[in-house]
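Remarks on the structure that follows.
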Amino acid sequence: MATIHILGGGLAGCEAAWQVANAGLDCILHEMRPVRSTAAHKTDQLAELVCSNSLKSESENSAPWLLKEELRRLNSLLLRVARQARVPGGHALTVDREVFAREATLAMEQNPRIELRRGEVTSIPADAITIVATGPLTSGALAEEIGRITGSERLFFYDSISPIVEAGSIDLTIAFRASRYGKSLDSTDDYLNCPFNREQYERMVDALLTAEGVPAHIPEDQTPFFEACLPIEELARRGRETLRFGPMKPVGLTDPRTGRRPYAVVQLRQENLRAESYNLVGFQNHMRFGDQARVFRMIPGLERAEFLRYGQIYRNTYINAPALLKPTLQLRARPEIFFAGQISGVEGYVESIATGLVAGRHAVELAMLEPVRPFPRETAIGSLCTYVSGADPAHYQPANITFDLLPSLDEETRHRMRHDKRARHAEVCRRALEKLDQYRSVYA
Ligand SMILES: Cc1cc2nc3c(=O)[nH]c(=O)nc-3n(C[C@H](O)[C@H](O)[C@H](O)COP(=O)(O)OP(=O)(O)OC[C@H]3O[C@@H](n4cnc5c(N)ncnc54)[C@H](O)[C@@H]3O)c2cc1C
């Protein structure tokens, strides 16, 4: 049987290689370090954690816990290594990054089914099953090749993500539903609009001007911002009116409470496949998370907002996955090519491990001429893959695991548990793990 190639020995690549080897197949794991390094990696070790040492919450029935629990049940190598490397970190799974990378590297080097090749890959093998897992800092030559295969307008080099708030935390006595000039994309009032009067707007601009920025992760993050996705605090610095003529423009909108056009507006958009949450349109920013919460709660209607995600801008290479991938992470146009990790359009260490596991297992199914079966939609893993392959390609933003990616509970259960968010989350987790166990008992 043909050898499977895995490009990139990071989190996704190591997990994928191990899954392939564990299923009894051979693979070649290509890693360019130390022959060539990236702006963020510091060692020649595989699975190096480039920034924080946290694999996020281990609190039972939280979304990050669910993703990790699913991975554990699927015999994930890196979750096992994380347990070995664990250091005290409160509710989070925090690891000693040196022990983590060392153990992962040993697991690759010592596995007779994994051949580790050190060197930069510049093209994708023509006729082999290949998993592309070269991460957010994919080297230039390979990025060009990926651009050629996927269509260059579908390969992005910057990640500018705007904050997301929980739907239930928006004050609907203030925010109103409407699309500019009544022009909706699907005959509904697409947006929720948070209206400002002049005084509120001026206060918001002052807060943006004094908010603290996040230090750059890597030198490349200090490159000038793209004009198309400027952080809002940068827009505020360009002039007090700039926001009112940019992302906060009020044209075409009438506040039903006053019957007048607001002085400025923040628009919130519900993304498809993200139930019960709203995106602050055009509010990508580089502020510290604490400052984002403080400043954005000054937006009328968001005084008690709960943030599912904060805004960020940094160097990232990723494909426009919904335009290109199947839920199995295979390229639709060339199903022998899989994408995994950050380049596949997910965000975060554990999400990268999860997509590595998915791609590794599906690559095995493909190599063994078995049907390639997507993970159940109700699981965290299945929901990530559904989002990656099925979100709106026109507004695609990489996702980390949050409950709004998982399907809602049925109407009756939601109603029964409407006053108890913890119970709802516990039920979503119970359902996910039940579905995963059914899937495992049949296919794993
Ligand atoms: C600066 C920075 C900080 C981050 N901080 C965090 C954080 O704190 N928490 C978090 O959850 N997520 C963070 N992320 C996001 C993400 O979780 C990590 O980047 C994660 O390592 C992604 O896993 P991966 O397997 O996709 O890529 P990586 O772990 O980066 O693995 C990709 C591997 O491919 C290799 N490679 C690249 N090009 C080639 C080539 N042409 N040929 C051969 N090998 C190649 C690289 O050397 C690398 O080893 C951060 C990202 C960046 C860039």
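Where a number appears in this text, it was derived from the coordinates with a stated rule and is not lab data. What you see is a predicted model, and the numbers here were worked out from it, not measured in a lab. As a convention, Cβ positions derive from the backbone with ideal geometry for all residues, glycine included, and neighbour counts pool all protein chains shown.
Things worth noting here:
- Only Lys, Arg, Asp and Glu carry charge here, each on its Cβ (+1 for the first two, -1 for the last two); on that basis region 255-304 has a dipole of about 140 debye about its Cα centre.
- Karplus-derived HN-Hα couplings along region 299-304 (A = 6.51, B = -1.76, C = 1.60, θ = phi - 60°), whole Hz, x at Gly and Pro: 6, x, x, 10, 4, 10
- Here the simple spin-label model places points 7 Å from the Cα toward Cβ, and for Asp206 and Glu120 these points are separated by 5.1 nm.
- Global geometry of region 1-96, whether rounded, prolate or oblate, following the gyration tensor of its Cα atoms and the 1.5 cut on a/c: oblate
- Among Arg198, Arg113, Arg244, a tally of other beta-carbon atoms within 10 Å of each Cβ gives an order, fewest to most, of Arg198, Arg113, Arg244.
- Figure legend: label point modelled 7 angstrom from the Cα of Ser408 along Cα→Cβ; residues of region 286-314 with amide N under 19 Å from it are 306, 308.
- Computed from point charges on the beta carbon alone (+1 for Lys and Arg, -1 for Asp and Glu), the dipole magnitude for the chain about its Cα centre is near 680 Debye.
- Reachable lysines, given that their alpha-carbon falls under 28 Å from the alpha-carbon of Lys56 and they are not under 8 places away in the same chain: Lys42, Lys68, Lys326, Lys421, Lys435
- A full extension of the chain between Arg180 and Asn197 corresponds to an added length of 4.3 nm, given 0.36 nm per residue minus the alpha carbon distance.
- Over the chain, DSSP H runs of length four or greater, each weighted -39,500 (n - 2.57), average out per residue to a 222 nm ellipticity of -10000 deg cm²/dmol.
- Ranked by the mean number of other Cβ atoms within 10 Å per residue, highest first, peptides 35-44, 53-62, 309-318 order as 309-318, 53-62, 35-44.
- Counted by neighbouring Cβ atoms within 10 Å, the residues Val205, Val358, Val99 run from fewest to most as Val99, Val205, Val358.
- If you plug the beta carbon distance of Gln110 and His415 into 1/(1 + (r/R0)^6) with R0 = 41 Å, you get a FRET efficiency near 0.15.
- Here r is the Cβ-Cβ distance between Asp189 and Glu434 and R0 is 30 Å; the resulting FRET efficiency, rounded to 0.05, is 0.20.
- Region 24-64: C-alpha gyration tensor shape, a/c 1.5 cut-off, then a/b vs b/c: oblate
- Highest average packing first - 260-269, 335-344, 233-242, Cβ atoms within 10 Å: 335-344, 260-269, 233-242
- Remark: Trp18, Trp65 ranked as Trp65, Trp18, counting other beta-carbon atoms within 10 Å and listing the fewest first.
- For Thr94, the residues whose amide H sits under 5 Å from its own are Leu55, Val87, Gly89, ignoring neighbours fewer than 5 places away on the same chain, with H placed 1.01 Å from N.
- Shape of the chain, Cα gyration tensor, a/c cut at 1.5: prolate
- Over all other residues within a Cβ to Cβ distance under 10 Å of Thr413, the charged ones net out to +1, with Lys and Arg as +1 and Asp and Glu as -1.
- Rel. contact order, % - alpha carbon contacts under 8 angstrom, at least six apart, the chain: 21
- For region 89-99, the Karplus equation 6.51 cos²θ - 1.76 cosθ + 1.60, evaluated at θ = phi - 60°, returns couplings of x, x, 7, 9, 8, 9, 10, 6, 5, 5, 5 Hz by residue, with Gly and Pro reported as x.
- For Ile131, the amide hydrogen comes within under 5 Å of the amide hydrogens of His5, Ile6, Leu7, Phe338, counting only partners 5 or more places away or on other chains and with H modelled in the peptide plane.
- Environment charge of Ser76, counting only residues whose C-beta is closer than 11 Å and scoring Lys/Arg +1, Asp/Glu -1: +3
- Around the amide H of Arg261, modelled in the peptide plane, lie the amide H atoms of Asp255, all under 5 Å away and 5 or more residues distant in sequence or on another chain.
- C-alpha center-to-center spacing [region 16-36, region 283-348] in angstrom: 27
- Anchor Lys183: lysines whose Cα lies under 19 Å away (excluding residues fewer than 8 positions away in-chain): Lys249
- Calculated FRET efficiency for the pair Lys42/Glu144, C-beta based, R₀ 35 Å, to 0.05: 0.85
- Note: relative contact order over region 18-69, using C-alpha pairs below 8 Å and six or more positions apart, is 16 percent.
- In sequence order, calculated HN-Hα J values of region 134-140 (Karplus, 6.51, -1.76, 1.60; Hz; x Gly/Pro): 8, x, x, 10, 3, 5, x
- Dipole of the chain computed with +1 at Lys/Arg Cβ and -1 at Asp/Glu Cβ about the Cα centre; of Ile170, Phe157, Ile129, farthest Cα towards the positive end is Ile170.
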